[in-house]
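The values are calculated or read from the model by the stated rules, or taken from the named source; none is laboratory data. Worth saying up front: this structure is predicted, and the values here are computed from it rather than measured. Cβ placement follows ideal geometry from the backbone for every residue including glycine, while neighbour counts extend to all protein chains displayed.
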Amino acid sequence: MKIYMVRHTSVGVPKGTCYGQTNVPLAETFAEEASIVKQNLQGINFGSIYSSPLSRCRKLAEFCGYGDVAEFHDRLKEIHMGDWEMHLWDDLDMTIWEEDWVNVPPPHGESFAQMYQRVSNFLDMIKQDKEDNKLIFTHGGVISCARVYFGQADIKSTFDLMPQYGEIVVFDC
């Protein structure tokens, strides 16, 4: 069994915006980017399809033809950035967070460790059925958690391996 994780396509917010779990518009290049994702998934059989319920993932799943069969799970949402959402990173005072971003959440948000736990719980659940390939439409932070979960990255360096928009990352189980 393989787990295919697809990061959503580019978003239509100013560069440097912290958007976390906010439903944001997609970039004008959505159809072009989504077509490439759809083409890259052709010919692969999936027994189960999952998606974050956030609109940027839902729309990609629908474009690729999986909107009617995908199961939407909150555990596949991006990290909740709390009070920082929809602010520019450069405008935020992240002093405390920078000291221990793994364990310290942004104000009214969640820590990376909390997100990692919910993503790990989800992966534990879907790995129980080892018969079929799985497809997941999700976010960069969730894929980073999966890289740690599958031993491909250390938790402290996970954001150095952030997937590109529309990138498909495959994990062997």
- Of the conditions (1) modelled with pLDDT of 95 or more; (2) assigned to a helix (DSSP H, G or I); (3) surrounded by 14 or more Cβ atoms within 10 Å (Cβ to Cβ); (4) out of contact with any helix residue (DSSP H, G or I) (no Cβ under 7 Å at 6 or more places or on another chain), D90 clears all except one; give me its number. (3)
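Take the residues of region 93-112 that are in a helix (DSSP H, G or I) and free of Cβ contacts under 8 Å to residues at least 12 places away in the same chain: which is surrounded by the fewest Cβ atoms within 10 Å (Cβ to Cβ)?
T95
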- Task: Just name the residue that is farthest from the chain's Cα centre (by Cα) out of those in region 1-38 that are assigned to a loop (DSSP other than H, G, I, E, B) and among the hydrophobic types (A, V, I, L, M, F, W, C).
- Result: M1
- Every residue from region 48-78 that is closer than 15 Å to N23 by Cβ and not in a helix (DSSP H, G or I): S51, S52, P53, L54, F72, K77, E78
- Condition met for H80 (within 16 Å of S144 (Cβ to Cβ) and in contact with a Gly (Cβ under 6 Å, 6 or more places away or on another chain)): yes
- Query: Is there a residue in region 58-74 that is of a type in the set (A, V, I, L, M, F, W, C) and under 20 Å from F150 (Cβ atoms)?
  - Reply: no
- Message: I'd like to know if region 130-144 contains one or more residues that are farther than 25 Å from A27 by Cα, surrounded by 15 or more Cβ atoms within 10 Å (Cβ to Cβ), under 16 Å from the mean Cα position of the chain (by Cα) and β-branched (V, I, T).
- Response: no
